[in-house]
Amino acid sequence: MATASAAAASSQAFPSGRSASWRECSRRGPWPGASPWSGRDDGPGAEHLRWHKAVELDPELTEPGDIAFVGFRSDEGVRRNKGRQGAAQGPDALRRALAPMALPKPLRALDAGDVAVTGDADDALEAGQQRLGRAVAHLVDAGHPVVVLGGGHEVAFGTYSGLEQTRALKAGGRLGVLNLDAHFDLRDDVRPSSGTPFLQMAQSERLHGRDLNYWVLGISQAANTETLFRTAESLGVRYLPDTECGLLDMARVESFVDEFLASCDLVHLTIDLDVLPAAVAPGVSAPAAYGVPMEVVERVCTRVAGSGKLVVVDVAELNPEFDIDQRTARAGARLVHRTATTWA
């Protein structure tokens, strides 16, 4: 069994000379059990390369352009949204499912560790989102394509909080957010939750004098109230319902994605695994009775990754406690794999 570098045994964050803000944001190894970055070793050389042999835990061994993973261990937003808790275990489940996948070409990646939302403080989630934002901003500005492993869908606002701090956005880059999801997640609640991240983004963008450029693919009419549809309309949200995202609708889906890509310079892709049918993704807070086929979701991810505009992707709502035969973890890992290998 091969593992990531010996840096896994260290809990030190970035060494001196790296950003002090990173040391506040992320906790890196040691893992509570065996490293998730382990798996079959078929021999040396690029022809045998798998993810677990490509991931480094020491940032000094990576460089700009290398994929960077960061986990967001939180289901506080799911709890507040009255969902099925357990998504805090999602990041490690995604790592373990991704680790043995074979790479089509040599690449290198950094696992920057996890931001964990813990404790009983009233603002534990909000503080965790801020820490994640600082981590994402640091990694993006250091030149890394970033993959955030959630966690409930509250992860999306943490990711966005980082993007709005980046040099590219401050320089006037047009941000576009593409959400693959059965839900709008535009709830107007007293406290932030997994159901509020995109309304929070819209409110933040308004403070900056901008409108949120927000598109959603996979919306389930049955999972969104008329209030949410009206909120989406008032914010100018573009969406494609799940009933128009089947295999026979691929031309419509690709046209929707291409129109989105033409509207922005920088892309935040956010994947809520409950966009997939329950048979493919049973391990989520709200399994989909209908859903968007895996083939369609994967095609969207690779199209976005190949556009040259993708900056960060986050994956949300994997709940290992309710997964069956690791179906959801493997589906999420495959989407990460196809996105990252197209992107890199």
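General observations
- Each residue in segment 304-321 was checked for being buried (at least 17 other Cβ atoms within 10 Å of the Cβ) and not in a loop (DSSP other than H, G, I, E, B), and 10 of them qualify.
- Segment 252-296, residues that are out of contact with any strand residue (DSSP E or B) (no Cβ under 6 Å at 6 or more places or on another chain), of a type in the set (A, V, I, L, M) and assigned to a helix (DSSP H, G or I): VAL253, VAL257, LEU261, ALA262, LEU273, MET294, VAL296
- Condition check for CYS245 on (1) open to solvent by less than 10 Å² (accessible area, probe 1.4 Å); (2) touching a residue at least 60 places away in the same chain (Cβ under 8 Å): one failure, at (2).
- Any hit, segment 161-183, residues being of a type in the set (Ser, Thr, Tyr), closer than 16 Å to ILE271 by Cα and within 16 Å of the chain's Cα centre (by Cα): no
- Note on segment 30-122: enclosed helices (runs of 4 or more DSSP H) holding 1 or more residues that are touching a residue at least 60 places away in the same chain (Cβ under 8 Å) and within 27 Å of ASP141 (Cα to Cα) are 51-54, 90-98.
- Single residue of VAL275, VAL257, VAL267, VAL253 found to be hydrophobic (A, V, I, L, M, F, W, C), open to solvent by less than 20 Å² (accessible area, probe 1.4 Å) and in contact with an Asp or Glu (Cβ under 6 Å, 6 or more places away or on another chain): VAL275
- Condition check for ARG28: within 26 Å of LEU318 (Cβ to Cβ), open to solvent by less than 40 Å² (accessible area, probe 1.4 Å), at pLDDT 95 or above and of a type in the set (D, E, K, R): no
- Enumeration of residues in segment 229-242 that are open to solvent by 20 Å² or more (accessible area, probe 1.4 Å), within 30 Å of THR166 (Cβ to Cβ) and without any contact (Cβ under 8 Å) to a residue 40 or more places away in the chain: GLU233, SER234, GLY236, ARG238
- Scan of segment 190-228 for residues that are aliphatic (A, V, I, L, M) and open to solvent by 80 Å² or more (accessible area, probe 1.4 Å), ordered by number: VAL190, LEU207, ALA222
- Segment 206-224 residues that are at negative phi and of a type in the set (Asp, Glu), paired with ones that are open to solvent by 10 Å² or more (accessible area, probe 1.4 Å) and part of a loop (DSSP other than H, G, I, E, B) (beta carbon under 7 Å, 6 or more apart): ASP211/GLY236
- Some residue of segment 52-67 being crowded, with 21+ Cβ neighbours inside 10 Å, at pLDDT 90 or above, under 22 Å from GLU154 (Cβ atoms) and under 16 Å from the mean Cα position of the chain (by Cα): no
- Any hit, segment 100-107, residues being buried (at least 24 other Cβ atoms within 10 Å of the Cβ) and either under 16 Å from the mean Cα position of the chain (by Cα) or more than 20 Å from ALA331 (Cβ to Cβ) (or both): no
- Any hit, segment 172-179, residues being touching a strand residue (DSSP E or B) at 6+ places or on another chain (Cβ under 6 Å), small (Gly, Ala, Ser) and either open to solvent by 10 Å² or more (accessible area, probe 1.4 Å) or free of Cβ contacts under 8 Å to residues at least 12 places away in the same chain (or both): yes
- The one condition from (1) more than 13 Å from GLY218 (Cβ to Cβ); (2) free of Cβ contacts under 8 Å to residues at least 60 places away in the same chain that VAL296 does not meet is (1).
- Scanning segment 138-154 for residues that are under 17 Å from GLN165 (Cβ atoms) and either of a type in the set (Phe, Trp, Tyr) or open to solvent by less than 10 Å² (accessible area, probe 1.4 Å) (or both) yields LEU139, VAL146, VAL148.
The values are calculated or read from the model by the stated rules, or taken from the named source; none is laboratory data. The shown structure was predicted, so the numbers you read here are calculated from the model rather than taken from an experiment. All Cβ positions, glycine included, derive from the backbone under ideal geometry; neighbour counts span all protein chains shown. We work out accessible area using only protein heavy atoms, side chains counted, and drop any ligands, DNA or RNA first. Shrake-Rupley method; radii C 1.70, N 1.55, O 1.52, S 1.80 Å.
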